[in-house]
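Beneath this line is the structure, given in structure tokens, with notes to follow.
Read the figures in this text as sums done on the coordinates, not as results from a lab. Please read these numbers as outputs of a predicted model, since none were measured by experiment. Cβ coordinates were reconstructed from backbone atoms using ideal geometry, including for glycine residues, and neighbour counts include every protein chain displayed.
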Amino acid sequence: MDSRLFLPVIAGPTASGKTALAAELAKRMDGEVVSADSMQIYEGLRIGTARPTQSEMRGVPHHLLGFLPLSEGYSVARYVEDARRIISEIHGRGKLPFLCGGTGLYIDAVIDNLSFHGGGGDPELRESLRMRAEREGAEALLRELREYDKQTADRLHPNNLGRIIRALELVKTTGMTMSEQIRLSRNRPSPYNPCVIVLDCRVRACLYDRINRRVDDMLKSGLLDEARRVLSLPTAPTAMQAIGYKELAPYFAGELTLEQAVSNLKQSTRRYAKRQLSWFRRRRDANFLYIDDYMDIQGLVAKAAEILEGHANGHLY
């Protein structure tokens, strides 16, 4: 018998229905959900990050949601530490943890036992890079990173300034690229036996329609008020990394109409979904489920449960 802990993982692009599937599976299999979303961790970013509501949680405990002040930084290393601790606590209660989210690096770091050590820290360099980003834009830093570490640069979005700076800081102070660090850390065995399910759509227009409808629902739920409040805070740079806030800033400044800003938001979200899918397709162990193959959530849940239960045979569960 495999002594590693069985860990179901529900991943996929934004608006694909990960939250609903994970909650239904956890309810069915006596589990709890551990979020793997790099923006849902922050307080005050409820609507714009589509953080699950109480009704969407279906009475299932969810962890690592809305616990961090916008003023506080959060690294992949810290996420891994927090997630592993909570996974262990859930197992200790005799429950089944479900890792669920769309941040591929968070998921990979946990289930592949990647190491993100704290070496290479240089506060002065970090601040100079941040000031340069303010003058020249994050794209300038991303272009420089590509000269050192094309693999890391290709998977980072210009909005993700914190990780761009961290990758440059690492290579400039240690000579080791982020991609090399990840490659070396993959040699360490993982404590988990994951079963990865990735949601997708066979027809791309199906996913894009879901994204567009989600943005419309966010606006009805008060996204404008939330974005106006968050962007007025001194900690706005953190929020500006999250799609759903940056795109509305030109509207508040009177530079775009609401219709134009919303159109940009939908386009940015669709592009983000494409990057998420590209990330998850690299996982050879991923089980892809296409939501447009199923008439309703019940059929999708039944198929996902079948995959998980088949994988769990012979593993700690």
Treating only the Cβ atoms of Lys and Arg (+1) and Asp and Glu (-1) as charged, compute the dipole magnitude of the chain about its Cα centre; round to the nearest 20 debye. 420
Once phi for every residue in the stretch 287-293 is put through the Karplus expression 6.51 cos²θ - 1.76 cosθ + 1.60 (θ = phi - 60°), the whole-Hz ³J(HN,Hα) values, with Gly and Pro written as x, are 9, 8, 10, 9, 5, 7, 7
The stretch 176-222 and the stretch 123-148 have their Cα centres apart by a whole-number Å value of 26
Provide the per-residue ³J(HN,Hα) series for the stretch 46-54, in order, calculated from phi with Karplus coefficients 6.51, -1.76, 1.60 and θ = phi - 60°, each as a whole number of Hz, with x at glycine and proline positions. 6, 6, x, 9, 6, 4, x, 7, 4
Just Ala242, Ala133, Ala304 to compare: in a GNM of the chain, with alpha carbon springs under 10 Å, which one fluctuates most? Ala133
Filter the chymotrypsin sites (Phe, Trp or Tyr not before Pro) in the stretch 25-106 to those in DSSP coil with at most 14 other Cβ atoms within 10 Å of their Cβ, and list the result. Phe67
List the trypsin sites (Lys or Arg not before Pro) in the stretch 191-238 that DSSP assigns to loop (not H, G, I, E or B) and whose Cβ has at most 13 other Cβ atoms within 10 Å. Which are they? Arg202
Label selected from (i) 5, 18, 22, 19, 15, 10, 6, 3, 1, 0, 0; (ii) 6, 29, 35, 22, 7, 0; (iii) 6, 25, 35, 25, 9, 1, 0, the criterion being P(r) over Cα pairs in 10 Å bins from 0, in percent as computed here: (iii)
Summing -39500 (n - 2.57) over the DSSP H runs of n ≥ 4 in the chain and dividing by its residue number, what mean residue ellipticity at 222 nm do you reach, to the nearest 500 deg cm²/dmol? -16000 deg cm²/dmol
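If you take the C-alpha gyration tensor of the stretch 123-184, multiply each eigenvalue by 5 and take the square root, what semi-axes do you get, largest first, in whole Å?
18, 13, 8
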Fewest-first sequence of Cys206, Cys195 by Cβ atoms within 10 Å of each Cβ: Cys206, Cys195
Once you've got the Cα coordinates, tell me which of Lys150/Lys266; Lys220/Lys246; Lys18/Lys95; Lys172/Lys274; Lys172/Lys246 are over 22 Å apart. Lys150/Lys266; Lys172/Lys274; Lys172/Lys246
Which value, in debye to the nearest 20, describes the size of the charge dipole of the stretch 123-184 about its Cα centre when Lys and Arg Cβ atoms bear +1, Asp and Glu Cβ atoms bear -1, and nothing else is charged? 140
If a cysteine in the chain has no other Cys Cβ under 4.7 Å from its own Cβ, put it on the list, ordered by number. Cys100, Cys195
